[in-house]
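Let me begin by presenting the structure, written as structure tokens, before commenting on it.
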Amino acid sequence: MSRSRKPDWLKMRPPSGERFTDIKQTLRDRNLNTVCEEANCPNLGECWSGRDGPGTATFMLMGDRCSRGCNFCDVETGGMDPLDPDEPQQVADAVAEIGLDYVVLTSVDRDDLPDQGAGHFAETIRAIKERDPSILVECLIPDFQGEPDLVRKIIDADPDVIAHNIETVDRLQWPVRDRRAGYEQSLSVLRQVDRESDCYSKTSLMLGVGEYAHEVYQTLSDLRQAGVDVVTFGQYLQPSRSHLEVSEYVHPDAFDTWQRVAEEEFDFLYCASGPMVRSSYRAGELFVESVLREGQSADEARAKVRADN
């Protein structure tokens, strides 16, 4: 199939609806960023609206410009602004106003800061938890250049899920990712989360950047050995002509196969896998559903997650 022509299964509907509009206005009023918007996520409308409950919104901390230049990512690079000291509380207030009970936090890379923003990230987690300890918080963190003390700042803030995306197989880390990132460095972050915390750990891979099936299989093995609980697969889509080209539009059947391999062969807690899936896709719903194995209510499932942690 031609790389320049998207297949029918990648067609998207534009986001709409009253809840979408309300969330967007709340974010603008508080001068907050979401990776949903900055990275042009194709599931923005679906996740913000939610199928059962308040849905998922992924807050992007520390500005809308990144210190790194990954070749797959649509977030702007360079021109870093100082951190907003009010942002942690603004995020906590927005979470309460929107009515979320599952929050995803991520950030740009801030290699320009002495602690790469780890303290600011941790402060935001604590602000949300102090306001309402029942809220489940998932953090999608940078690699912090593999520095254990900085990863530990996130662990000590006691989120429920810590995610860090390995993005692709070992061979393709460059040119897919910035040269400051790396396969082993990302694995070291995930191993530390497993070793030093009671949090669930999570990662994501893009397909369609030139990987081979045996490399994906090896990556799943490496991730499971690193103690990762949850993995997601999605199709890479080229944000602009200046970004990495799509190598292949992977058929939905292949995504279904990788989900079965991840869940049945490698025993991941769950795997979200599909052409339009992204790291935070329906994160709250899928995470809570993963513990609804015996017919508990959603509230009981959340209580179980908190008890497990």
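Brief remarks follow.
- From the options D222, D198, D229, residue that is within 26 Å of A254 (Cα to Cα), in contact with a helix residue (DSSP H, G or I) (Cβ under 9 Å, 6 or more places away or on another chain) and at pLDDT below 95: D229
- Restricting the range 96-145 to residues that are part of a loop (DSSP other than H, G, I, E, B), among the acidic types (D, E) and at pLDDT below 95, the residue that is farthest from L286 (Cα to Cα): D132
- Filtering the range 146-179 to residues that are at negative phi, in a loop (DSSP other than H, G, I, E, B) and acidic (D, E) leaves E147, D160, D178.
- When the residues of the range 171-208 are filtered to those that are touching a Ser or Thr at 6+ places or on another chain (Cβ under 7 Å) and either surrounded by fewer than 22 Cβ atoms within 10 Å (Cβ to Cβ) or among the small types (G, A, S) (or both), the one that is nearest to V151 (Cα to Cα) is D194.
- Pick from the range 209-227, criterion of a type in the set (A, V, I, L, M) and either over 23 Å from D143 (Cβ atoms) or in contact with a Lys or Arg (Cβ under 7 Å, 6 or more places away or on another chain) (or both), ranking: surrounded by the most Cβ atoms within 10 Å (Cβ to Cβ): A226
- Total residues in the range 112-137 satisfying the condition of being surrounded by fewer than 16 Cβ atoms within 10 Å (Cβ to Cβ) and of a type in the set (D, E, K, R): the figure is 5.
- Count of the range 51-95 residues which are among the small types (G, A, S), in contact with a strand residue (DSSP E or B) (Cβ under 8 Å, 6 or more places away or on another chain), at pLDDT below 95 and surrounded by 16 or more Cβ atoms within 10 Å (Cβ to Cβ): 3
- Test: residue in the range 233-255 that is in contact with a Cys (Cβ under 8 Å, 6 or more places away or on another chain) and buried (at least 20 other Cβ atoms within 10 Å of the Cβ): yes
- Unique residue being crowded, with 23+ Cβ neighbours inside 10 Å, in contact with a strand residue (DSSP E or B) (Cβ under 7 Å, 6 or more places away or on another chain) and of a type in the set (D, E, K, R) when the list is D143, D160, D109: D109
- Scanning the range 52-95 for residues that are part of a strand (DSSP E or B), touching a Cys at 6+ places or on another chain (Cβ under 6 Å) and within 22 Å of I162 (Cβ to Cβ) yields one hit, T58.
- Scan of the range 207-232 for residues that are aliphatic (A, V, I, L, M) and either in contact (Cβ under 8 Å) with a residue 12 or more places away in the chain or within 24 Å of I162 (Cβ to Cβ) (or both), ordered by number: L207, V209, V216, L220, L223, A226, V228, V230, V231
- Against the conditions (1) closer than 19 Å to P175 by Cα; (2) assigned to a loop (DSSP other than H, G, I, E, B), D198 satisfies every one except (1).
The values are calculated or read from the model by the stated rules, or taken from the named source; none is laboratory data. What you see is a predicted model; the values in this text were computed from it and never measured. Please note: Cβ atoms are built from the backbone with ideal geometry, for glycine as well, and neighbour counts cover all protein chains shown.
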